[in-house]
């Protein structure tokens with residue numbers, strides 16, 4: 001079963017980021033990273049900010065996704081994310097500044113505030129972006 | 001008979017009007033192009049999100065979730081209406097506003113327990129319309145900035161959710177123009193709350209549905225998906241509205257330019273006739289003057 005290929009679609013509100021046949025996908029799920037190969041059980045999960053990697057056309061593609069959802073089933077993987085960008089295009093300096101700004105907001109607001117939650121999500125995304133861009137993110141798989 | 005000078009002046013003024021309508025048409029065409037690109041590139045996401053949401057709803061007991069459960073007695077309803085700030089876009093606002101007007105009255109007629117139907121308006125045109133007709137205005141948002149549509153959609157989603165849960169409203173509707181093509185916009189009224197599964201039965205076979213694995217679990221996914229789905233749905237409505245506005249303005253300005261051309265043609269004919277009449281009159285005067293000698 002593992003040699004079956006998968007149809008992967010990555011869609012953000014702005015555009016369809018990727019659509020094509022892949023052999024394996026690793027995505028950040030609600031309970032940490034999960035890997036998908038052909039013949040995976042039908043599965044729906046939340047996607048948290050983090051790295052999305054898959055093999056397509058003989059090389060590994062590395063992306064970073066924001067929060068969203070993923071649906072797996074019948075040889076298809078569908079990732080719906082707030083945002084998604086290729087790791088090589090990330091501006092690390094900008095990401096560091098975003099992280100600093102988010103951490104500042106978190107310090108200034110109560111953990112129950114909407115602003116705190118938003119900042120926390122922004123911080124996680126910034127960390128994921130920095131890790132992906134600098135190659136520091138060792139995949140748990 | 002109008003004097004030659006007066007006709008010439010009118011032709012000039014119609015010409016300058018035509019220049020403006022032509023320019024507005026071009027600007028709207030360019031803006032519409034960008035807006036339609038935004039709509040069409042956002043549609044797959046909205047569509048997939050909708051599919052995921054509907055398939056999840058099909059497996060959820062709608063009495064379990066406060067946003068899905070309908071209220072037994074509907075006393076207060078609100079209609080969110082998207083209109084434009086500026087006019088000169090044909091029947092774009094008018095057709096939607098009339099539809100909302102009728103919708104509100106029908107609700108009130110049909111259901112005696114309904115005490116209050118308010119309207120929450122985006123755009124000056126809608127505000128003016130409902131003010132004139134003494135509707136119960138809830139909140140008005142004007143001077144809309146196209147770059148901030150996502151923000152509007154998000155804050156509207158949050159506000160509606162909070163107020164629905166707080167019991168401010170028992171039903172929430174959204175009225176906007178769906179962008180069908182540059183020439184046609186379809187006024188639409190959709191129910192936002194309570195959410196309902198659209199034709200949930202034919203999404204897929206029940207035994208197939210049951211094999212999905214959810215992480216963290218079904219309820220948590222639904223809680224996370226609901227607000228996002230709402231954002232996307234509202235954002236999509238704003239995008240459709242925007243593309244529709246420019247499309248409507250473009251076709252309105254196109255027919256205005258065409259009308260101006262017709263008026264110019266008619267006036268030119270009138271001008272030439274008057275000119276010819278004056279020449280003929282002068283000739284007759286000269287000839288009869290010569291004969292008299």
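The values are calculated or read from the model by the stated rules, or taken from the named source; none is laboratory data. Since this is a predicted model, take the numbers as computed values, not measurements. Positions of Cβ are backbone-derived with ideal geometry, glycine not excepted, and every protein chain shown enters the neighbour counts.
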What residue, among those in segment B:95-110 that are surrounded by 15 or more Cβ atoms within 10 Å (Cβ to Cβ) and without any contact (Cβ under 8 Å) to a residue 40 or more places away in the chain, is farthest from residue B:251 (Cα to Cα)?
B:107
Can you tell which of B:252, B:248 is in contact with a strand residue (DSSP E or B) (Cβ under 7 Å, 6 or more places away or on another chain), within 30 Å of residue B:121 (Cα to Cα) and in a helix (DSSP H, G or I)?
B:248
Hey, any hits in segment B:64-71 for a residue that's out of contact with any strand residue (DSSP E or B) (no Cβ under 6 Å at 6 or more places or on another chain), surrounded by 22 or more Cβ atoms within 10 Å (Cβ to Cβ) and more than 14 Å from chain A (Cβ to nearest Cβ)?
no
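Taking residue A:7 as the residue in question, decide whether it is at pLDDT 85 or above, more than 8 Å from every other protein chain (Cβ to nearest Cβ) and farther than 21 Å from residue A:132 by Cβ.
yes
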Is it fair to say residue B:52 is closer than 20 Å to residue B:236 by Cα, within 14 Å of chain A (Cβ to nearest Cβ) and part of a helix (DSSP H, G or I)?
yes
Among the candidates A:129, A:96, A:124, which residue alone is in contact with a strand residue (DSSP E or B) (Cβ under 7 Å, 6 or more places away or on another chain) and in a helix (DSSP H, G or I)?
A:129
Matching option when the condition is in contact (Cβ under 8 Å) with a residue 60 or more places away in the chain and either in contact with a helix residue (DSSP H, G or I) (Cβ under 9 Å, 6 or more places away or on another chain) or over 27 Å from residue A:39 (Cα atoms) (or both), among A:114, A:129
A:129
Among residues belonging to segment B:246-270 that are farther than 30 Å from residue B:147 by Cα and in contact (Cβ under 8 Å) with a residue 12 or more places away in the chain, point out the one that is nearest to the chain's Cα centre (by Cα).
B:260
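Can you name every residue in segment A:10-52 that is facing chain B (nearest Cβ under 7 Å) and buried (at least 17 other Cβ atoms within 10 Å of the Cβ)?
Quick first cut of segment A:10-52, residues facing chain B (nearest Cβ under 7 Å) only: A:11-16, A:29-31, A:41-46.
Of everything in segment A:10-52, those that are facing chain B (nearest Cβ under 7 Å) and buried (at least 17 other Cβ atoms within 10 Å of the Cβ) turn out to be A:11, A:12, A:13, A:29, A:30, A:43, A:44, A:45, A:46.
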Out of all the residues in segment A:34-76, which are under 26 Å from residue A:121 (Cβ atoms) and more than 13 Å from the chain's Cα centre (by Cα)?
A:36, A:43, A:44, A:71, A:72
Spot the failing condition for residue B:70; the list is (1) closer than 19 Å to residue B:133 by Cβ; (2) out of contact with any helix residue (DSSP H, G or I) (no Cβ under 8 Å at 6 or more places or on another chain); (3) in a loop (DSSP other than H, G, I, E, B), and only one is missed.
(1)
Count of residues meeting criterion [in a loop (DSSP other than H, G, I, E, B) and loosely packed, with under 13 Cβ neighbours inside 10 Å] in segment A:101-121:
3
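Residues are listed down the side, and each one gets a yes or a no for (1) surrounded by 16 or more Cβ atoms within 10 Å (Cβ to Cβ); (2) within 30 Å of residue B:76 (Cβ to Cβ); (3) at pLDDT 85 or above; (4) within 37 Å of the chain's Cα centre (by Cα):
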| site | (1), (2), (3), (4) |
| --- | --- |
| B:196 | no, yes, no, yes |
| B:201 | no, no, no, yes |
| B:205 | no, no, no, no |
| B:241 | yes, yes, yes, yes |
| B:244 | yes, yes, yes, yes |
| B:272 | no, no, yes, no |
Only one residue in A:69, A:54, A:18, A:34 is under 22 Å from residue B:218 (Cβ atoms), part of a strand (DSSP E or B) and in contact (Cβ under 8 Å) with a residue 24 or more places away in the chain, so which one is that?
A:69
Quick one: in segment B:151-181, which of the residues that are loosely packed, with under 15 Cβ neighbours inside 10 Å and not in a loop (DSSP other than H, G, I, E, B) is nearest to the other protein chains (Cβ to nearest Cβ)?
B:158
